[in-house]
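The values are calculated or read from the model by the stated rules, or taken from the named source; none is laboratory data. Keep in mind the model is a prediction, meaning the values are calculated, not measured. Please note: Cβ atoms are built from the backbone with ideal geometry, for glycine as well, and neighbour counts cover all protein chains shown.
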């Protein structure tokens with residue numbers, strides 16, 4: 001197993017940046033291995049080094065934050081006067097929640113039918129369900 005980081009070189013490095021897992025010298029219980037990050041990317045995108053697909057990529061980073069948080073959750077933070085719950089795990093879980101929220105907000109609105117070619121392409125699509133609305137549908141046929 002290996003752990004590498006080069007800023008912006010690969011999708012793996014981008015995931016590491018998003019979850020603050022950029023120190024390859026950290027102990028094995030304080031970092032994710034390259035193979036782990038690649039697997040999380042593959043599970044979300046179908047590729048271990050995918051092109052940027054924002055939602056799937058953010059969800060893969062959130063999964064990585066959760067995986068790293070699980071490693072930290074096994075440890076106790078022992079202070080001089082008491083035992084604290086692991087704050088790094090809490091930070092990573094908060095990061096995961098934020099990444100998932102960013103992924104969910106990635107929907108881009110689409111205004112269809114604002115160009116002649118777009119309307120023609122939509123009308124020619126044989127797989128598109130028929131429209132529920134049409135011109136004259138509310139006209140009174142009895143008058």
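Given the condition in a loop (DSSP other than H, G, I, E, B) and either surrounded by fewer than 19 Cβ atoms within 10 Å (Cβ to Cβ) or at pLDDT below 85 (or both), answer yes or no: does some residue in region 54-69 qualify? First the steps, then the outcome.
First, the residues of region 54-69 that are in a loop (DSSP other than H, G, I, E, B): none.
No, every residue in region 54-69 fails to be in a loop (DSSP other than H, G, I, E, B) and either surrounded by fewer than 19 Cβ atoms within 10 Å (Cβ to Cβ) or at pLDDT below 85 (or both).
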Subject >> Filtered residue count, region 27-53, keeping only those that are modelled with pLDDT of 85 or more, surrounded by fewer than 16 Cβ atoms within 10 Å (Cβ to Cβ) and either more than 16 Å from the chain's Cα centre (by Cα) or assigned to a loop (DSSP other than H, G, I, E, B) (or both) >> reply: 2
Original post:
Can you find a residue in region 86-93 that is closer than 17 Å to residue 18 by Cβ and modelled with pLDDT of 85 or more?
Top reply: yes
